[in-house]
Amino acid sequence: MALSGMRGLSVFISEIRNCQNKEQERLRVDKELGNIRTRFKNEKGLSPYEKKKYVWKMLYIFMLGYDVDFGHMEAVSLISAPKYPEKQVGYLVTSCLLNENHDFLRLAINTVRNDIIGRNETFQCLALTLVGNIGGREFAESLAPDVQKLLISSSCRPLVKKKAALCLLRLVRKNPDVVNVDGWSDRMAQLLDERNVGVLTSSMSLFVSLVSNNHEAYWSCLPKCVKVLERLARNLDVPQEYTYYGIPSPWLQVKTMRALQYFPTIEDPNTRRALFEVLQRVLMGTDVVKNVNKNNASHAVLFEALALVMHLDAEKEMMSQCVALLGKFIAVREPNIRYLGLENMTRMLMVTDVQDIIKRHQAQIITSLKDPDISIRRRALDLLYAMCDTSNAKDIVEELLQYLGTAEFAMREELALKAAILAEKFAPDLSWYVDVILQLIDKAGDFVSDDIWFRVVQFVTNNEDLQPYAALKAREYLDKPAIHETMMKVSAYLLGEYSHLLARRPGCSPKEIFGIIHEKLPTVSTPTISILLSTYAKILMHSQPADPELQNQIWAIFSKYETSIDAEIQQRAVEYFALSKKGAALMDILAEMPKFPERESSLIKKAEDTEADTAELSAIKSRAQQQASNALVVTGQQPANEPPQVTQLGMVKIPSINNLENNHVDQEVTQTNGTMGEVEPQNADILGDLLSPLAIEGPPGVSGTETLSEDGALALAPVGEQENAIKPVVDIAEKFHDLCVKDSGVLYEDPYVQIGIKAEWRGHQGRLVLFLGNKTTSSLDAVNAVILPPSHLKLELSSVPEIIPPRSQVQCPLDVVNLRPSRDVAVLDFSYKFGTNLVDNKLRIPAVLNKFFQPVTLSAEEFFPQWRSLAAPPLKLQEVVRGVRPMPLGEMANLLNSLRLIVSPGLDPNANNLVASTTFYSESTRSMLCLVRIETDPADRTQLRMTVASGDPTLTFELKEFIKEQLISIPTASTPPVPQQPQPTIQPISSSDPGALLAGLL
Amino acid sequence: MKIHFVVTISRQGKVRLTKWYSPYSHKERSKVIQELSRVILTRGPNLCNIVEWRGFKVVYRRYAGLYFCMCVNQEDNELEILEIIQYFVETLNRYFGSVCELDLIFHFHQTYYILDEILIAGELQESSKTTVHRLIDAQDSLVEAAKEKENTVSYIIAQ
């Protein structure tokens, strides 16, 4: 053993071991670091032996978890030592101490490269290992071609080759843009012919990485993978040293099956048959055995085979075989198998329609919820959550509630959230929902986020039938000796609003209600006191005829809190006190809260967010993006819209506590003003909502945004147009819309000029030809056409002649390159002079998102794996869209098809849903598959749920918004724009029920 | 599959081996060790070898007083990783001859060399114990040969 001679190091390690506590250890480490630092300062005096020794000590200290922020230079310098012992130490310590972001690594690139291209195999191995473990961008830039050359060189021996494969894998994985793997499919195919199992294992890892980026390029390798699997499954020509507990390299088997899952499907019937034979053999031939290692290894292969079967969406028979296996697994003694059984059942639910078969195992799954192992309990919870539907919601939610009492803290919040969501989603009746949430708060109040109780308040407010029941329940909980503060909040709120509905029941007079609530006031925190004050005011209002005693009591409380140090409480006390003196007027002011607009549950959103754990950062980013675009809407409009917007949010979210007061006051004010007041803010909001697509489209403040408006109807009389004496004879907006789905037609026409357009699209490029026609018998002068391109398009317009001769047409080609996904629209600023009239128009050019689509039709086998692999935000986004222009399903399908989003009928088992796909092309994304699913509600055609997925977060977001714009009912302009247009479109709606109106628009 | 890191912790919470295949700052590394010690060392016997941690999965296995842990993504094959751990330990065992904690402490560098022959870039490089053993032996003899050379008379004279 090479280190045996290094006494100094052994002594140091012993001393560290002898340290009695952490503090002593730290002192010893600090002393040693100080020593090393001094030694390194006059490096000249260090022998190679000493240098090695100190570098080893540094690594040991680093390994213990201390920060070693010096001496990197010395470690790196050992790499360039001529002799193996120093070099070996240099390479190893460097690859441990440094990571890809360290600047010092740059110093080593040259030496590393020389070692890689040199003839010394051992040096090659050391260098490849270092690059494979910590190689970053600069390594990729300067070394990738050398590594690639080495990998395909015929003279390269297995020990070097397998390292080269993994080294390349790292470089590709970290910097796919730097490493050129064009044309590597042939080389990869060759590498997969390798007989040496060690090399093949590394090559297969490389292949998995390549194919995960771009399976299209590697179709030719698919049969090779199946061959490898056959070889292993039949144990043909697998050396003894590569069988592990009697199983031919389980790792290579797993990797190969993983690689196959990146191909959407397997077309070739022979290959498919061969593969299914192997899979069948694995599924049938794996038994639980005594030897734990053998068991693990064989089940590693089995679970991968299951995943592959699910991916290939095999015949029903094989699928039920899989479910049967999983059903067996979740009941076995071996905990790993139980864990994986539950996990894979959950995965299975996502891909195929096996809900009913899995439901048969419900009892066993519920038992797993009580497993001694938290890992298994977590899986059970996830599975129960995924398999829940209306038929079993009651059972499952009640189990969850029961479990909540004993669950460990680490799981309670998730458990509470999931129970709340399931209760909301699948409640057989609403009173049950209220029961569940109140129980939830009662049992695990600390883990019930505010969202959960806000939501129950929303439900109760919006459902009159529920109000007496909820109030009664709240009243019952108040009888408990100790209740959670959240329960206090929700009960107080509900009783404030609805306790008058209970008036005739025993113990429910205003006075009694007040008494029982007020009893708890000393125990609650400041924000809750605010809520209680509102409750008192409401109770006071409901006690008609006024009960002077109660009144005095409550007034006394108000006046006590008038001097509260908390501004919120103080303000409430003062205002409620003043308001309550107004007697009958109080009725109007403190009237019941109006219904909340229907909207997607924030809980469900939250759950989706937490599911996207790993992608959290990017999820936050995409949310920020969405917020930014909302912000645009607000600032882009007249600022007068802003205050109502705030009220709106406040109402929907209910008390974000600090807002509560504003909220109330606003409410009060609007209510005293009567109905008009109530409609007003909503009116403003309708505008805000309807205008939103417009504001996003162009940067705010740019003149000409008006012409850019989504629709003529909302164009509020474009500024340019008011100046133009010459009016177009066609509806520009309508023409633009037509051209969005057609490739030729008229873009603009007035009495003198007609502009036609003809377009051809290929991938991310397009060629448009503008036909500028002079309709008159005299020439048009000062013709000018300028393109205002959005940042995502590269546009080149060939020169436009200044004069168009009478009765003639000029053609101007316009080349378009799509750089990245965006819904922004390019604008053509077109002007000319006719006589003394200067005509200037800003016309949108129909080079819109859908022009860069190429239709693809996917079969179920192709669609579902993709759908599954794009699992979470930001790659997959979901939104409930309301205010949809009602249309029959067929029409919606036609609309999507016209946008080149090709609907695959029958792919979704639910006839009310549409599934569509397309390929999007841009320079940044290349070709990118986009998948869309729209779930409609036959009972309410104005809302739907849309899920969009693609491999690029921006694309997903843009596409989602794009489709939304197409579906939402923006009044289409059948007549030329008139400035007053917005008014009539809103008036008829606002006269109807305001709640419904809001619901429709949000 | 991509293993993000390999960590070996003793039952007393002492770190015996760390290897990071993804870049982590010093702070993150300490946190990982701290959190994993808390989660894993407290797990009882007869539980599964997988813990879910910050959206990742940590596959671990206990050998006497040592816990070998490897961290992978959620969608990775857990049992495959579990058997990599076993295979790694078997290889150590073969090299040291019934390996014990002290071997890993005083020959930590050797442990690193062996790990480097098994994993690169967090991926399995070689699954044959025989091959790994042969390669490590070859490395050792290279080092020995260099040492012997340093001790020859002619080398000393040349210096």
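The values are calculated or read from the model by the stated rules, or taken from the named source; none is laboratory data. A quick note: this is a predicted structure, and the numbers were derived from the prediction, not measured. Don't worry about glycine lacking a Cβ; one is built from the backbone with ideal geometry, like all the others, and counts go over all protein chains shown. Note: accessible area is taken over every heavy atom of the protein model, side chains too, but ligands, DNA and RNA are not part of it. Shrake-Rupley method; radii C 1.70, N 1.55, O 1.52, S 1.80 Å.
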Descending Cα extents along the principal axes, region A:742-893, whole Å: 62, 33, 24
Relative contact order [Cα under 8 Å, 6+ residues apart], region A:343-436, whole percent: 25
Relative contact order %, region A:481-604, counting alpha carbon pairs below 8 Å whose residues are six or more apart: 23
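Run the numbers on chain B and let me know its relative contact order in percent, using alpha-carbon pairs under 8 Å that are six or more apart.
22
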Degrees between helix B:26-41 axis and first principal axis of chain B (Cα, 0 to 90, nearest 10): 60
Residue order for A:T523, A:T129 - accessible surface, 1.4 angstrom probe, largest first: A:T523, A:T129
Protein accessible surface hidden between B and A, which excludes ligands and nucleic acids, total in Å², probe 1.4 Å: 6600
Heavy-atom accessible area, 1.4 Å probe, ligands and nucleic acids excluded: residues of region A:191-209 down by at least 30 Å² from chain alone: A:T201
Three semi-axes of the equivalent ellipsoid, region A:851-967, Cα gyration tensor, whole Å, largest first: 21, 15, 14
Portion, in percent, of the accessible area of region A:481-604 that falls on carbon or sulfur, probe 1.4 Å: 57
Extent along principal axes [Cα atoms of region A:481-604; Å; largest to smallest]: 46, 36, 32
Separation between Cα centres of region A:812-853 and region A:121-155, rounded to whole Å: 50
Debye intensity ratio I(q)/I(0), log10, region A:740-815, q values 0.12, 0.14 Å⁻¹ (C-alpha model): -0.36, -0.48
Percent accessible area from carbon and sulfur atoms, region A:851-967, protein chains only, probe 1.4 Å: 51
Entries of A:K425/B:K57; A:K775/A:K851; A:K394/A:K520; B:K31/B:K129; A:K87/B:K149; A:K162/A:K227 with Cα pairs more than 23 Å apart: A:K425/B:K57; A:K775/A:K851; A:K394/A:K520; B:K31/B:K129
Two-decimal ratio, chain B, of alpha-carbon radius of gyration to 2.2 N^0.38 Å: 1.19
Principal semi-axes in Å for region A:138-283 [√(5λ), Cα gyration tensor, largest first]: 26, 19, 12
Angle between chain B longest axis and helix B:108-118 axis [Cα atoms, degrees, rounded to 10]: 80
Proximal charge balance of A:M946 [Cβ under 9 Å; K/R count +1, D/E count -1]: +2
Minimum 40 Å² accessible area buried by the other protein chains, region A:235-251 residues, probe 1.4 Å, relative to alone: A:E241, A:Y242, A:Y244, A:W251
Average accessible surface area per residue within region B:27-159, 1.4 Å rolling probe, Å²: 39
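Checking the table A:K53/A:K161; A:K418/A:K473; A:K742/A:K842 against a 28 Å threshold on Cα-Cα, which pairs fail? It would help to have the intermediate numbers written out before the result.
Details: A:K53/A:K161 31 Å; A:K418/A:K473 22 Å; A:K742/A:K842 20 Å.
Going by Cα-Cα distance, A:K53/A:K161 fall outside the 28 Å limit.
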Accessible area (Å², per residue) of region A:481-604, counting only protein heavy atoms and a probe of 1.4 Å: 44
